[in-house]
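Data block below; observations after.
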Amino acid sequence: MMNKRRVAITGMGTVSPFGSGVKCLWEHLLKGDSAVQIMPDMQEIGGLRSCVAAVVPAVDASVIDRKKRRFMSPMSIYSTVAALEATAMAGLSEEKITDRGTGLCLASTMGSSAESEAFFQELNRSSSIENIKSTMFFKTMNHSCAANTAQALGITGRIVSPSAACASSNLTIGLAYETIAAGNQDIMICGGTDEHHYLATAVFDIMNAASYQYNNEPQQTPRPFDINRDGVVCAEGAGILILEEMECARKRNAEILAEIVGFATFSAPDNIAHPDSQTIVDCMESSMRQARLRVEDIDYVNAHATATIQGDIAEAQAISAAVDNKVPVSSLKGHLGHTMAASGAIELIASIQMMHYGILIPTRNLVTPDPKCNGIDFVTIPRKIEVNIIIKNSFALGGINSTILIRRNRND
Amino acid sequence: MTETEIINIINDSMVKEFEFDPDMMTPDAHMVKDLGMDSLDFVDLVVVLQDAFGIKLRNEPQVREINTLGDLHNLVLGKKRELDAEGK
């Protein structure tokens, strides 16, 4: 793409399993904490072996007006609270946020499962829809989080909600980046959000990809890249970033947290559920080519690594092939669990913090690397290092693969 | 159930559902102009009242004629009396 406009990151906000705010997320990551806990309700479900998750502590939703909040399930509350933090950090005025030049690109894996479940339970109970409230549909529709967050913020530019399961927020950030680079919007509020429901854990458990051997010691799982890993731990939360055309950001003297310099997403059509190493390599190499960067320029890879047996091996082999064993790699799933559609954004936010503070967060619960994942430099203890270029990987069921490449802000 | 008890249940249900300030719940409060209710709030109000009293208002044309909270009180009181007379 020639003559494309440059794109800065000027704000970020999160509601993570550790609580609300980027500061809260960073403090817990620095301490090496785990947000994973036992879920007693899930122990009551027959056949569900995985009974652990990482869920968001109580969020103060009263900051959102009742007229907007009534249409929101938890995922939209999380994304709105995170978006308010991000727009405040970016110093965006209300006039700027509500200008047609500002759009929103936000996605979840699906609409609210809890709300759909409640609808059908009521229908089964009463054989009637007379007890269903008018707000139900707005919580179950696929673009619920995008529509609700846009309504709460007063967005008048484009709204896009490209759901892609666990890679959703890498795609929303990438598409927002391309939207600004192409000159179609000046500012994009982007990211992902999800609320935990046992359906998500069940989906992975049915496929033998959910962790269940650590139900009695939940903070020992998930274990990305570790020989004793046994699968995903589902989680919830929201991550929001403010992307802005570079000159637009500079003109208003915004603090530029980082610059997005590459994005690639490719499909792997051989199998809807299996990861594909070569496609991951192609994503990483394509994003590096776009940014005109070489392997030796990359300072850190924030891996998707969810702690599934196959997924971690495929990603490790891809990283080894794309950037060899010279680049430090870690996954944050051991701290946060898998925050699904929010994972790409929350982990990119954490990566920007690593760049800012010059310290790499290690992979929690990685004690003995799986020999099948060898060939890469695992970060297993906090590492102080100057970080200028970061690759963020994110993949999803459905053959979705994606890579975002960010660079420390420069004055050129 | 006395009229006062019925009115209190209506007001309490609305305060809980719509997060109104209890001090606003006066009979002359206009449902739209004072309480800020919109068409979807009226849909949910019908569900809330059905849940509280077992009365069905969804197809009642009088619902569209409610202007004030006092109008709503009178409608529910009338419907409740009808139900009680039918022994339901």
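With a cut-off of 18 Å on the backbone N, the residues of the range B:1-21 near the modelled label site 7 Å out from B:LEU77 along Cα-Cβ are B:1-14. Once Lys and Arg get +1 and Asp and Glu get -1 on their Cβ, which of A:HIS197, A:GLN213, A:VAL160 lies farthest toward the positive end of the dipole of chain A? My answer, from the dipole projection, is A:VAL160. Seen from A:ASP33, the other residues with C-beta closer than 9 Å to its C-beta sum to a net charge of +1, counting Lys and Arg as +1 and Asp and Glu as -1.
DSSP assigns beta bridges within the protein assembly as shown; of those with both partners inside it, close to 70 percent run antiparallel.
Below 8 Å between Cα atoms, with a sequence gap of 6+, how large is the relative contact order for chain B in percent? Value for chain B: 33 percent.
Taking other C-beta atoms within 10 angstrom as a stand-in for reagent exposure, A:PHE263, A:PHE119 fall in the order A:PHE119, A:PHE263, fewest first. Pairs of Cα atoms nearer than 8 Å and 6+ residues apart set the relative contact order; for chain A it is 23 percent. Listed as lacking a disulfide-compatible partner in the protein assembly as shown: A:CYS24, A:CYS51, A:CYS145, A:CYS166, A:CYS234, A:CYS248, A:CYS283, A:CYS373, by the criterion of no other cysteine Cβ under 4.7 Å. Percent of Cα pairs in chain B per distance bin of 10 Å, from zero to the largest separation: 17, 57, 24, 2. Here the Karplus relation 6.51 cos²θ - 1.76 cosθ + 1.60, evaluated at θ = phi - 60°, turns the backbone of the range A:29-44 into coupling constants of 5, 4, 7, x, 6, 10, 9, 7, 9, 6, 10, x, 4, 6, 5, 8 Hz, with x for every Gly and Pro.
Dipole magnitude for chain A: computed about the Cα centre from +1 point charges on Lys and Arg Cβ and -1 point charges on Asp and Glu Cβ, it is near 820 debye. Site pair A:ARG292 and B:ASP23 shows an inter-label distance of 6.5 nm when each label is modelled 7 Å from Cα along Cα→Cβ.
With Cα atoms as the point set, the range A:261-407 shows a radius of gyration and Dmax of 13.7, 41 Å.
Among residues other than A:ARG223 with Cβ under 15 Å from its Cβ, the summed charge is -2 (Lys and Arg +1, Asp and Glu -1). With θ taken as phi - 60° and the Karplus curve 6.51 cos²θ - 1.76 cosθ + 1.60 applied, the whole-hertz 3J(HN,Hα) list for the range A:364-369 is 5, 6, 8, 9, 10, x Hz, x standing for glycine and proline.
Shape call for chain A from the C-alpha gyration tensor, a ≥ b ≥ c root eigenvalues: rounded (a/c under 1.5), prolate (a/b greater than b/c) or oblate? It comes out oblate by the Cα gyration axes.
Positive-end ranking of A:MET39, A:THR102, A:THR179 along the dipole of chain A, with charges on Cβ about the Cα centre, is headed by A:THR102. In the structure displayed, which of A:LYS31/A:LYS384; A:LYS96/A:LYS392; A:LYS133/B:LYS56 lie more than 21 Å apart, Cα to Cα? Checking Cα-Cα distances, A:LYS96/A:LYS392 exceed 21 Å. Fewest neighbouring Cβ atoms within 10 Å first, the residues A:PHE71, B:PHE42 line up as B:PHE42, A:PHE71. If neighbour count is taken as other Cβ atoms inside 10 Å, put A:THR98, A:THR140 in order from fewest to most. In order of increasing Cβ crowding within 10 Å: A:THR98, A:THR140. Which one of B:LEU57, B:PHE42, B:GLY87 has its Cα pushed farthest toward the positive end of the charge dipole of chain B, where Lys and Arg give +1 and Asp and Glu give -1 at the Cβ? Projecting each Cα onto the dipole axis, the largest value belongs to B:GLY87. Backbone amide hydrogens, once placed in the peptide plane, bring A:ASP226 within less than 5 Å of A:ASP370, excluding anything fewer than 5 places away on its chain.
Under the convention that each Lys and Arg Cβ holds +1 and each Asp and Glu Cβ holds -1, the size of the dipole of the range A:10-86 around its Cα centre is about 320 debye.
FYI, it's all coordinate maths here, none of it is from the lab. Note that the structure is predicted; figures quoted are calculated from it, not measured. Here Cβ is always computed from backbone atoms with ideal geometry, including for glycine, and neighbour counts include all displayed protein chains.
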